[in-house]
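The values are calculated or read from the model by the stated rules, or taken from the named source; none is laboratory data. Computed from a predicted structure; not experimentally measured. Every residue, glycine among them, receives a Cβ derived from its backbone with ideal geometry; neighbour counts consider all protein chains shown.
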Amino acid sequence: MTDSLGLKNRVAIVTGAAGDIGRATVELLIGHGAQVVALDIAREVHSLALNNQVITRVCDVSKEHEVISSVALARDKCGGVDILINNAGKTLNKLVTETSTQEWDSIMAINARGYFLLCRESLKVMQPRRQGAIVNVASVVCTVGMKATAAYSASKGAIVQLTKVLALEAAEYGIRVNAVAPGVVETNILSGIVEDSRATLASYGHAHPLGRVAQPEEIAEAILWLASPKASFVTGTVLMADGGYTAQ
């Protein structure tokens, strides 16, 4: 165990913890000595409960009562909330004319309302203690247009604006709020939405100046830095972890 980031004994909530980026983030937090409350809508989240540093819970972040009870669990079982990593997300690859109202609402419920709910409830715990860090996982499409991603892109744009507003509102309490905007990441989600995921990954890789897509651990490292005291004077920013995609 190492604690080069100053995260030992910090209490962190991680949503979307059963996914590739979420799991990598949980593992890094544990490695730095943090206590983690891992949340995911999938029951696979329980596989993360390997030691007493991790508490797992099935949670649909779009449901207010489940978010409230999950944050209360972190407060009551762990003594508070020092870090919130909002990572839960849902994708949709459809043109606007092919997107149903139900699909739009479903994306927004998880990717936008879910982040709002977690931020709101976590801030209620952080503010009296006058410390804390929130990292919202956005996407490169929060700043660039990409066909067939209207609902997803709009939700990620909402996350960025939520991040900036909360950074201003939380600053007086010593709480920092930032976002990470990854480029394409090699995850199981991608393999589930495209037929030839390897060929697609190669194609996406060429679109990034670094010539490849990201690994989940690389995004997790960026998340941890923003969540740690090492980024003590960083708030209201969007860290583009996109291999240079938006620099073109």
Open item on the list: If I filter the range 160-182 for residues that are in contact with a helix residue (DSSP H, G or I) (Cβ under 6 Å, 6 or more places away or on another chain), under 18 Å from I107 (Cα atoms) and free of Cβ contacts under 8 Å to residues at least 24 places away in the same chain, do I get at least one hit?
Closed with: no
Open item on the list: Among (1) surrounded by 20 or more Cβ atoms within 10 Å (Cβ to Cβ); (2) part of a helix (DSSP H, G or I), there is one condition L84 misses while meeting the rest; what is its number?
Closed with: (2)
Open item on the list: Checking R43 against (1) surrounded by 15 or more Cβ atoms within 10 Å (Cβ to Cβ); (2) over 26 Å from L162 (Cα atoms); (3) basic (K, R): exactly one of these is not met. Which one?
Closed with: (1)
TODO: Have a look at A24, A74, A49 and point out the one that is free of Cβ contacts under 8 Å to residues at least 40 places away in the same chain and hydrophobic (A, V, I, L, M, F, W, C).
DONE: A49
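Give the number of residues within the range 146-176 that are touching a Ser or Thr at 6+ places or on another chain (Cβ under 7 Å) and within 27 Å of V213 (Cβ to Cβ).
Narrowing the range 146-176 to residues touching a Ser or Thr at 6+ places or on another chain (Cβ under 7 Å): 146, 150-152, 156, 167, 171, 176.
In the following step, the residues that additionally are within 27 Å of V213 (Cβ to Cβ) were identified as 146, 150-152, 156.
Counting residues in the range 146-176 that are touching a Ser or Thr at 6+ places or on another chain (Cβ under 7 Å) and within 27 Å of V213 (Cβ to Cβ) gives 5.
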Open item on the list: Of all residues being surrounded by fewer than 16 Cβ atoms within 10 Å (Cβ to Cβ) and not in a loop (DSSP other than H, G, I, E, B) in the range 46-75, which is nearest to the chain's Cα centre (by Cα)? Just the residue, please.
Closed with: V58
TODO: Taking S106 as meeting all but one of (1) among the hydroxyl-bearing types (S, T, Y); (2) touching a Cys at 6+ places or on another chain (Cβ under 8 Å); (3) surrounded by fewer than 23 Cβ atoms within 10 Å (Cβ to Cβ), write down the number of the exception.
DONE: (2)
- [ ] State which residue is modelled with the lowest pLDDT when the search covers only the range 129-174 and only residues that are among the charged types (D, E, K, R) and surrounded by fewer than 23 Cβ atoms within 10 Å (Cβ to Cβ).
- [x] K147
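Every residue, every condition in (1) of a type in the set (D, E); (2) under 20 Å from I134 (Cβ atoms); (3) out of contact with any Asp or Glu (no Cβ under 9 Å at 6 or more places or on another chain), yes or no:
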position	(1), (2), (3)
T15	no, yes, no
G22	no, yes, no
V26	no, yes, yes
S62	no, yes, yes
C78	no, yes, yes
E103	yes, no, yes
R113	no, yes, no
Open item on the list: Please pick out the residue among L39, L28 that is in contact with a helix residue (DSSP H, G or I) (Cβ under 7 Å, 6 or more places away or on another chain), part of a strand (DSSP E or B) and at pLDDT 95 or above.
Closed with: L39
- [ ] Being over 18 Å from the mean Cα position of the chain (by Cα) and of a type outside the set (A, V, I, L, M, F, W, C) is the filter; apply it to the range 210-228 and report the residue that is modelled with the lowest pLDDT.
- [x] G211
